[in-house]
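Derivation of every value follows stated rules applied to the coordinates shown; laboratory data play no part. Here the structure is a predicted model, which is why all the values come from computation and not from measurement. Please note: Cβ atoms are built from the backbone with ideal geometry, for glycine as well, and neighbour counts cover all protein chains shown.
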Amino acid sequence: MNPIELIDRLCAVTEAQSRIIREQALFIEQMKTVDAETKKQFADMRGPVDAELDLLEVGLRPYHNTGCRKEGTDE
């Protein structure tokens, strides 16, 4: 996977995460209480997103700390 593919997938999963978070926040605000079935539905929605983030994290490891830092400095 090249860096552009990683960035594209990271953006897609972030957007998916954002949709889930907004939906959860609205639901919680409207209902104030959540039954067990609803909690399971939201957990099921989060599962694929969490898995994708885990895969992206592994894919991004080769690029970690490859920025413009000068060797031997904190810059």
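Calculated FRET efficiency, Leu60 to Arg22, Cβ-Cβ distance, R0 = 30 Å: about 0.75 to the nearest 0.05. With r as the distance between the Cβ atoms of Asn2 and Arg46 and R0 = 25 Å, compute the FRET efficiency 1/(1 + (r/R0)^6) and round to 0.05. Here the calculated transfer efficiency is 0.35. Placing dummy labels 7 Å off each Cα toward the beta-carbon, the span from Glu29 to Leu10 is 3.0 nm.
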